[in-house]
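Structure first, commentary second.
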Amino acid sequence: MRIGFCCDHAGFDIKFEVIGHLGSKGFEVEDFGTDSAASMDYPDVAHPLAEALLEGRIELGVAICGTGNGMAISLNKHKGIRAGLAWNREIGVLVKKHNNANVLVVPARFASLETIRETIDAWLEAEFAGGRHQRRIDKIDIV
Ligand code: RB5
């Protein structure tokens with residue numbers, strides 16, 4: 001399975017650990033940047049990842065910025081993207097179980113690398129519950 005990865009400068013410090021972690025889970029990782037610790041604008045990497053997912057070139061995505069909010073707000077501009085912000089194991093489970101997030105967003109400045117790995121694993125291993133949660137997801141898109 002192919003998974004996309006993107007981060008801004010705030011996530012660059014942990015970029016290669018996270019990509020390596022995803023690789024260790026058996027994913028082929030497509031890297032959308034950023035490629036240095038230089039200050040950059042998160043939409044420049046979030047939008048290409050979202051487009052790749054909607055075109056079927058990747059099946060899932062992981063995005064990292066300082067708070068997670070810039071990435072989540074940018075990604076969720078794309079109809080069909082459900083980018084969920086999570087910062088611990090419990091929310092990692094629920095963002096899949098309840099929201100079926102196809103992109104997990106984590107906040108580099110508010111969680112340790114270990115917690116970020118745990119959050120990613122929880123999201124990857126959880127299963128979407130469907131039922132009433134599918135009904136709610138079906139009501140999200142407005143255009
Ligand atoms: C970068 O300083 C920071 O604004 C960004 O990483 C993110 O937290 C924005 O939402």
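Spin-label model, T67 to F110: label points 7 Å out along the Cα-to-beta-carbon direction sit 0.7 nm apart. Counting charges near M40 (Lys, Arg +1; Asp, Glu -1) among other residues having Cβ under 13 Å from its Cβ returns a value of -3. Dipole size in debye (nearest 20) for the chain around its Cα centre, Lys and Arg Cβ +1, Asp and Glu Cβ -1? Here the size comes out at about 720 debye. Model label sites at E51 and E125, defined 7 Å from Cα along the beta-carbon direction, differ in position by 3.6 nm.
No lab work stands behind these numbers, since they all come straight from the coordinates. Keep in mind it's a predicted model, so treat the numbers as computed, not measured. Here the Cβ is made from the backbone with ideal geometry for all residues, glycine too, and neighbour counts use every protein chain on show.
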